[in-house]
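To keep things clear, I will list the structure first and then write my remarks on it.
Coordinate-derived values only; no laboratory data. Note that the coordinates shown come from a computational prediction; the quantities given were computed from them, not determined experimentally. Here Cβ is always computed from backbone atoms with ideal geometry, including for glycine, and neighbour counts include all displayed protein chains.
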Amino acid sequence: MFNPVILVSSLLCFLLTPILVFADAGIPMIMLTLPSMIALLLPIVLLEAFLYTKFLKVTFSKTIGPAFTSNLLSTLVGIPLAWIMQGILGYVIFLCIGWAGYYPDFSSEYSLMHNILKIIITAPWIWPSSAGNGSVLIWAVPFAAFITLLPAYFVSVWLESMVVRRYFRDRDPVEVKRAVRNVNIVSYALLALFCIGLLIYCIATSTRLV
């Protein structure tokens, strides 16, 4: 039987193995985002449970269970799955750029725009910004975290919809899915604002952008 937890765990072990071998292999964002999301799990559960009471017109006691279960699943399975999918997409884009005749050196420093485009493509795994020293641009981490929120949102809505519908079998599935979508819009909007605030802080306090 297909088990998404085993699949994600196996892929994570495979993809994170290079960290043990290469000290300057860059930063896999999953090592920063996943612990952060686990730390934020309780406040997010409470927030979404409250929001479900507004969207589904039910009591808090009936929403805390589905909010906790769905967020636990989306955190432990959805976030890694979104990271893997985005990583594969970035790799495909990199190959397409190569097939077009342009082979960008992701370990070299160029213009600010080059670094922005580089981080967008390689957001799941931030490569060192300059050859040889293994350093990473300080603003790259919150910017990459912001980019990874988009696929995480869609995966979260997909997974959480399946869970929440089980708790509200007597309700219209379309209504439940709409509630899940709206709740996640609020949650991810707050996470996006946090990333933007951290990005602004890093840029304001950094002496070097490229």
Derived scalar couplings ³J(HN,Hα) [segment 170-180; Karplus, 6.51 cos²θ - 1.76 cosθ + 1.60; whole Hz; x for Gly, Pro]: 7, 9, 4, x, 5, 5, 5, 4, 5, 5, 4
Within the under-15-Å Cβ sphere about Phe60, not counting Phe60, Lys/Arg +1 and Asp/Glu -1 give a net charge of +2
Among Met113, Ile203, Leu76 - extreme Cα towards positive end, dipole of segment 28-205, charges at beta-carbon: Leu76
Please find the FRET efficiency linking Ile97 to Ser206, where r is the Cβ-Cβ separation and R0 is fixed at 30 Å, and quote it to the nearest 0.05. 0.60
Cα-projected label distance for Leu72 with Val186, points at 7 Å along beta-carbon direction, nm: 2.2
What does the net charge come to around Leu72 if you take all other residues with beta carbon closer than 15 Å to its beta carbon, with K and R at +1 and D and E at -1? -1
A chain fully extended from Arg166 to Ile88 at 0.36 nm per residue, minus the present Cα-Cα distance, gains in nm 25.0 nm
What ranking, highest mean first, results for peptides 157-164, 89-96, 53-60, 41-48 when packing means the other Cβ atoms within 10 Å averaged over each residue? 157-164, 41-48, 53-60, 89-96
Summed over the other residues with a beta carbon less than 15 angstrom from that of Pro173, with K and R at +1 and D and E at -1, the charge totals +3
